[in-house]
Amino acid sequence: MSNNGNKIELPASIVVRDLAQKIERSPIDLIKKLMTNGVMATINQSVDFDTAAIVVAEYGFEAVAEVVEEEVKEETGEIPLWRQLIADEDKTQLKGRPPVVTILGHVDHGKTSLLDAIRSTEVAAGEAGGITQHIGAYQVEMKGRLITFLDTPGHAAFTQMRARGAQGADIVILVVAADDGVMPQTREAIAHAKAARVPIIVALNKIDKPNANPERVKQQLAEMELVPDDWGGSTMVVPVSAKQKKGIDDLLEGILLVADSNEIKANPNGKVLGTVIEAELDKSKGVMATLLVQNGTLQSGAVVVAGVAHGKLRAITDYKGKPVKKAGPSTPVAVMGLSDVPSAGDLFEVVPSEKEARAIVAERQDAIKAQAQSRKKLSLEDLFNQVQTGEAKELNLIVKADVQGSVDPIITELNKLGEGEIGLKVLHAETGNIGNNDVMLASASKAIIIGFNVQADVDARRMAEKEGVDIRLYEIIYRMTEDIEKALNGMLEPDFVEKILGKATVLQVFNASKFGRVAGCKVIEGELKRGAKVRLYRDSDIIYEGDLSSLRHEKDDVKEIRQGYECGVGFKNFSDIQPGDTVVCYILE
Ligand code: GDP
């Protein structure tokens, strides 16, 4: 067996199906071979290297350990389209460009104040009387270098941009108020930045406040894997006061430092493309759009395609409202001349002629139509398939639960499940109902949303439908872990999702000659339905699970009964009911 042809490289663990494929034998055959060696494994289970080595030896192969390249901790998230499009630019032509920065953080932590403070230092230092117009982005100069700030309110735009694969920022400034600490939207922002693989600098704002507690915030950041640099970590944390305009220069210098350690380059003479920052229809001027040039140099008179809008650019102005003839990489400009209003986050490109522009737009419109028709839900099953085919290496999850006390054990359980071959990554976990933001994040990161004892808002449901995001609601942790485990093992049947119909409290228990022991209940939420499934809780324990066998209102049999009404409920083959128990009625869809 010295010949190389019989050597096969095997990883530390391998799924039976893949192993069979590797040695070109049928999986059944392999499973039998494993059995004769005392190993019971199904086609979807993994065996370790040693076991695999013994079995393949029986087929005449010599197993050698696969050389694993040094593991690069891969962040989730996709490489934005514009980056992909310039991937083939001549490396020798790449030149440094200003970093593009966006500011995220919890509401009231000072994002707007910080953007204003940064802008005003520039105005003071720059040309006198330079009243900047608001075009959704601006630039400042620090040590002779430019920094571009995206000045879009809130992070909805950022999410939207990323959701469309056109994320524009190179660096995220995460504003955290020193008197308030890490809050839900702070966590959300961290999840966004991580998923987009954008480095984070923390602006520890409001340090002027007497109750500011920077050390506490640093502790919270460290807990979120953003270990501050002065604690030996790699996250730059810069104390600032947007109100007193303190620390702004430090922050700008910090941005330059982070920019220097990340390759922020483009080819000013290459393909001209970038991202639409914002756009609107002005009654007198027509379509006004703010574009961020990301590669190449945009010139006035150029023909541009942006999403499904196109046109010959009539006028280009910089963020100060000054007309410019051309704009290089990382420059935000306001343009006129587009036929339609493009969406924020759309990619724009310069094309040779208006004829070509029209053709591209027509093609895109057709594609959009076709896509809408074939839009498929990105479900747990699909995701699993993608993991199997190597398209995705881990399942991304977003967890929403009713109380923090549930969030922690859920994450612990999920982390346990994620120790196997396929990683599980909780991008974001928080208390509260499932809202639009969660769906946007899920859509952008190809994640599924797990809700535990929470509901999905009507808007969120609609958006999930549109974006093709899978929302799974659970009431019991083991059911959730069971589903995910099945998905990870490729056994999830595209089957039923539990839909809670309603809840009732047992007020008293009585004997009915016809039905045996019956629970006298009051419906406290939704409705109960005859023939549906029920689960009976005593405190938080489940004491019965089965069918709702009889449902009566006063003396009548009813099909269903709504919130606020009292009713008699019988359970199939179960009589150990007590007052105070909770009935949860559900169906499997
Ligand atoms: P945003 O919602 O994150 O954009 O927050 P804003 O910029 O609107 O700021 C929210 C509030 O915090 C406003 O009342 C600001 O005046 C105040 N604020 C912002 N930065 C500071 C700061 O550095 N110090 C103090 N004391 N207050 C600040």
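The values are calculated or read from the model by the stated rules, or taken from the named source; none is laboratory data. Bear in mind that the values here come from a model prediction, so they are computed numbers and not experimental data. Note that each Cβ is placed from the backbone with ideal geometry, even for glycine, and that neighbours are counted across all protein chains shown. We work out accessible area using only protein heavy atoms, side chains counted, and drop any ligands, DNA or RNA first. Shrake-Rupley method; radii C 1.70, N 1.55, O 1.52, S 1.80 Å.
Per-structure values
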quantity	calculated
Which listed residue, of Arg517, Arg538, Arg552, is in contact (Cβ under 8 Å) with a residue 60 or more places away in the chain and either over 26 Å from Phe452 (Cβ atoms) or open to solvent by less than 60 Å² (accessible area, probe 1.4 Å) (or both)	Arg517
Where a residue in segment 89-112 is touching a residue at least 40 places away in the same chain (Cβ under 8 Å) and its partner, wherever it lies, is more than 16 Å from the ligand (Cβ to nearest atom) and among the polar types (S, T, N, Q), with Cβ under 6 Å and at least six apart	Glu89/Asn267; Gln93/Asn267; Leu94/Asn267; Arg97/Ser330; Pro98/Thr148; Pro98/Ser330; Val100/Thr148; Val100/Ser330
Index of the failed condition, Asp29 passing every other in (1) open to solvent by 40 Å² or more (accessible area, probe 1.4 Å); (2) modelled with pLDDT of 85 or more; (3) over 22 Å from Ala487 (Cβ atoms); (4) within 38 Å of the chain's Cα centre (by Cα)	(4)
Identity of the residue in segment 32-53, among the hydrophobic types (A, V, I, L, M, F, W, C) and more than 15 Å from Ala12 (Cβ to Cβ), that ends up most open to solvent (accessible area, probe 1.4 Å)	Met40
Inter-residue pairs, beta-carbon under 9 Å, first within 16 Å of the ligand (Cβ to nearest atom) and in segment 222-242, second of a type in the set (A, V, I, L, M, F, W, C) and open to solvent by 40 Å² or more (accessible area, probe 1.4 Å), 6+ apart	Val237/Trp231; Pro239/Ile207; Val240/Ile207; Ser241/Ile207
Sole residue being surrounded by 13 or more Cβ atoms within 10 Å (Cβ to Cβ) and within 36 Å of the chain's Cα centre (by Cα), chosen from Glu589, Glu525, Glu560	Glu525
Candidate set from segment 219-273 (those that are of a type in the set (Gly, Ala, Ser) and open to solvent by 50 Å² or more (accessible area, probe 1.4 Å)); member that is farthest from the chain's Cα centre (by Cα)	Gly232
Search result, residues across segment 436-454 that are open to solvent by 10 Å² or more (accessible area, probe 1.4 Å) and without any contact (Cβ under 8 Å) to a residue 60 or more places away in the chain	Asn436, Phe452, Asn453, Val454
Residue satisfying condition, being more than 16 Å from the ligand (Cβ to nearest atom) and outside the structural domain of Gly321 (by TED's automatic domain parsing), within set Glu253, Glu280	Glu253
Residue that is modelled with the lowest pLDDT [pool: residues in segment 347-366 that are open to solvent by less than 20 Å² (accessible area, probe 1.4 Å) and out of contact with any helix residue (DSSP H, G or I) (no Cβ under 6 Å at 6 or more places or on another chain)]	Val361
Tally, over segment 6-26, of residues that are open to solvent by less than 60 Å² (accessible area, probe 1.4 Å), of a type outside the set (A, V, I, L, M) and part of a helix (DSSP H, G or I)	1
Test for Gly301: is it open to solvent by 10 Å² or more (accessible area, probe 1.4 Å), touching a residue at least 12 places away in the same chain (Cβ under 8 Å) and closer than 25 Å to Ala359 by Cβ	yes
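Each row is one residue, and each column tells you yes or no for (1) part of a loop (DSSP other than H, G, I, E, B); (2) of a type in the set (Val, Ile, Thr); (3) within 32 Å of the chain's Cα centre (by Cα); (4) more than 18 Å from Gln294 (Cα to Cα).
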position	(1), (2), (3), (4)
Gly321	yes, no, no, yes
Ser330	yes, no, yes, no
Gly337	no, no, no, yes
Ser343	yes, no, yes, no
